[in-house]
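These notes are about the structure you will find just below.
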């Protein structure tokens, strides 16, 4: 498993448009066979901050995700909405094991 947390700071005036585009991408993403989970979370005390929690079954699945049309559409749609470049942190799971996914 490869777990990626993508940190995004959105321009305040773009929060709703970002949420709409990102939920659309997430709905398509969870249909990919290599994605076990794709969460969109919003910070409560700063609604312009988001984390995308992407759980891939393998590193190859993460690479395949970036080749999809829905990812390209999302990337291009939200590019100008970001207050700063997005940043990602990669993790491996300790518990539960891969068997639970």
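The values are calculated or read from the model by the stated rules, or taken from the named source; none is laboratory data. Because the structure is predicted, anything quoted here is derived from the model rather than measured. Glycine gets a Cβ as well: all are built from the backbone with ideal geometry, and neighbour counts include every protein chain shown.
Structure above, values below:
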quantity	calculated
Among residues of the range 72-100, those that are surrounded by 12 or more Cβ atoms within 10 Å (Cβ to Cβ) and either in contact with a helix residue (DSSP H, G or I) (Cβ under 6 Å, 6 or more places away or on another chain) or farther than 28 Å from residue 11 by Cβ (or both), counted	5
Residue match in the range 18-31 (condition: over 16 Å from residue 8 (Cβ atoms) and more than 13 Å from the chain's Cα centre (by Cα))	yes
Those residues of the range 65-84 which are within 20 Å of residue 7 (Cα to Cα), part of a loop (DSSP other than H, G, I, E, B) and either modelled with pLDDT under 95 or under 14 Å from the mean Cα position of the chain (by Cα) (or both), in sequence order	66
Residue list for the range 85-101, filter: assigned to a loop (DSSP other than H, G, I, E, B), farther than 12 Å from residue 18 by Cβ and touching a residue at least 60 places away in the same chain (Cβ under 8 Å)	92, 93, 101
Of residues in the range 23-64 being part of a helix (DSSP H, G or I) and touching a helix residue (DSSP H, G or I) at 6+ places or on another chain (Cβ under 6 Å), the one surrounded by the fewest Cβ atoms within 10 Å (Cβ to Cβ)	28
Residues of the range 1-20 satisfying the condition of being in contact (Cβ under 8 Å) with a residue 60 or more places away in the chain and in contact with a helix residue (DSSP H, G or I) (Cβ under 9 Å, 6 or more places away or on another chain)	1, 2, 4, 8, 10, 11, 14, 17, 18
Residue satisfying all of: in the range 87-101; touching a strand residue (DSSP E or B) at 6+ places or on another chain (Cβ under 8 Å) and at pLDDT below 95; nearest to residue 37 (Cα to Cα) among these	101
Output for the range 1-22, where each listed residue is farther than 17 Å from residue 62 by Cα and in a strand (DSSP E or B)	8, 9, 10
